[in-house]
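Participant: Just dropping this structure here.
The values are calculated or read from the model by the stated rules, or taken from the named source; none is laboratory data. The model shown is predicted, which means the values in this text are computed figures rather than measured ones. Virtual Cβ from ideal backbone geometry, glycine too; neighbours counted across all protein chains shown. Side chains are part of the model used for accessible areas, which takes the heavy atoms of the whole protein and leaves out ligands, DNA and RNA. Shrake-Rupley method; radii C 1.70, N 1.55, O 1.52, S 1.80 Å.
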Amino acid sequence: MGRSILLGVVGDSAAGKTTLTRGLVRVLGEESVTHICVDDYHRYDRRQRAERNITPLHPECNYMDIMAQHLSHLRAAEPFLKPVYQHHDGTFGPLARVDPKRFSVVEGLLGYYNDELRSLFDVRIYLSPPEDLRRKWKVQRDCSRRGYTTDQVLSELDRREPDSEAFIRPQQQYADIVVSFLPNAGGDQEHLDAQLLLRPTLKHPDFRSVLDGEAGASGGIGITESNGELLLHIPGRLERERAEAIEEMIWASLHFASHLRSDRLGEFTIGNDLHRSESLALIQLLVLYHLFTATASHALQGIGGARTEEPATA
């Protein structure tokens, strides 16, 4: 293996990073994916952060230099030992050996914080749900899995807000794809709409080829273009026939990866219940498209990838 293909998935706490990446790892296969959470590079444990009145969103609360060094090893397919942060109690566990695989999925808060980090990724995703939806997800997750009360979670969200604004949200300007899941009137999380900002830093599939002039129609996909960027709207209740047409268009471009076709794209859990989202499935398939495009580009061009240019900064 020449090097690992790196996918970055960045967003604020409870933005849906693990939901997106879990499905990708499931389809690609555990044997083909190294999964890294950059929370492991926190400088302080939970007690120390409270003593110093610092949040994990602040760069000074993280070993940014070691993170960049380790991701460089990951990209080069060189094994390394990394720290382990344990979310269940906010402490650090023993170091863990990482053996890079064909693909690497790197998720967390600060993956695109500086030029050195950004340059390491072949594909950069940023998750940006509306704040009221993210807060709802944060309460659901931290109360059910991490032992917090609702009041504790809401208080911590308020305390972190200045750092979210200063350090996390500005990173979306460096993403190739910005994903926003949007709530609907009925609060149905299985049929959330999705809005995707597709930047020209990667060559995206031609979604217009399957719209048949019906962009924005009821049950269909809407797409607009501005300054070279595409804004794609995927309704949560996308008609199955139209969803299949879009999936076929993308899979046709991935004929060399047809063995990965799976009905498990779009699966997610709420509590212990398994659900499926058409919009999530299409987003995961789009990410797979870019991972394999980067793989092919690397094979043809050597150390480079499929990136065409850097996103314009705000």
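Participant: Given only helices, namely DSSP H runs of n ≥ 4 each adding -39500 (n - 2.57), what is the per-residue ellipticity at 222 nm of the chain, to the nearest 500 deg cm²/dmol?
Facilitator: Values: 8 runs with 101 residues, N = 314.
Rounded to the nearest 500, it is -10000 deg cm²/dmol.
Participant: Provide the packing ranking of 285-295, 35-45, i.e. peptides ordered by the mean count of other C-beta atoms within 10 Å per residue, highest first.
Facilitator: On the way: 285-295: 22.3, 35-45: 19.5.
Descending mean neighbour count gives 285-295, 35-45.
Participant: Give the ranking of Met67, Met249 by solvent-accessible surface, highest area first, calculated with a 1.4 Å probe.
Facilitator: Working: Met67 0, Met249 30 Å².
Listed by decreasing accessible area, they come as Met249, Met67.
Participant: Let me ask something else. When Lys and Arg each count +1 and Asp and Glu each count -1, what net charge do the other residues less than 11 Å away from Phe292, Cβ to Cβ, add up to?
Facilitator: Working: positive: Arg102; negative: Asp122.
That works out to 0.
Participant: Ordering Trp137, Trp251 by accessible area with a probe of 1.4 Å, largest first, what comes out? Each step should come with its number before you reach the end.
Facilitator: On the way: Trp137 40, Trp251 20 Å².
Sorted by accessible area, descending: Trp137, Trp251.
Participant: Given a 1.4 Å probe, how much area per residue of segment 1-96 is accessible, in Å²? All intermediate terms of the calculation are to be shown ahead of the outcome.
Facilitator: Working: 3930 Å² over 96 residues.
I get 41 Å² per residue for this part.
Participant: Let a ≥ b ≥ c be the square roots of the eigenvalues of the Cα gyration tensor of segment 42-194; is it rounded (a/c under 1.5), or, if not, prolate (a/b larger than b/c) or oblate? If you can, show how the numbers build up before the last one.
Facilitator: Numbers: a/c = 1.71, a/b = 1.24, b/c = 1.39.
Oblate shape, in that a/c is at least 1.5 and b/c is the bigger or equal ratio.
Participant: Also, I was wondering about something else. Pro235: net charge of surrounding residues, Cβ under 9 Å, Lys/Arg +1, Asp/Glu -1, itself excluded?
Facilitator: Working: positive: Arg237; negative: Asp193, Glu239, Glu278.
Result for the neighbourhood of Pro235: -2.
Participant: Can you give the accessible area of Lys17, probe radius 1.4 Å, in Å² rounded to 10?
Facilitator: Only protein atoms counted, so the area is about 20 Å².
Participant: Which percent of the accessible heavy-atom area of the chain goes to carbon and sulfur, probe 1.4 angstrom?
Facilitator: Working: 7040 of 14320 Å².
It is 49 percent, rounded to a whole number.
Participant: Something else: Using a/c under 1.5 as the rounded threshold, could you call segment 74-157 rounded, prolate or oblate? The axes a ≥ b ≥ c are square roots of the C-alpha gyration tensor eigenvalues, and prolate needs a/b larger than b/c, oblate otherwise. Kindly include the intermediate steps, with their values, before the conclusion.
Facilitator: Numbers: a/c = 2.81, a/b = 1.52, b/c = 1.85.
Verdict is oblate for segment 74-157.
Participant: Continuing with this model, one more query. Which of these, Gly90, Gly23, Gly11, has the largest mean-square fluctuation under a Gaussian network model of the chain (Cα springs below 10 Å)?
Facilitator: Gly90
Participant: Once a ≥ b ≥ c are taken as the square roots of the eigenvalues of the Cα gyration tensor of the chain, is the result rounded (a/c under 1.5), prolate (a/b larger than b/c) or oblate (a/b not larger than b/c)? Please list the in-between numbers first.
Facilitator: Numbers: a/c = 1.66, a/b = 1.22, b/c = 1.36.
The shape class here is oblate.
Participant: Can you give me the accessible area per residue for segment 98-179, using a 1.4 Å probe, in Å²? Show your work: numbers first, answer last.
Facilitator: Details: 3400 Å² over 82 residues.
Normalised by residue count, the accessible surface of segment 98-179 is 42 Å².
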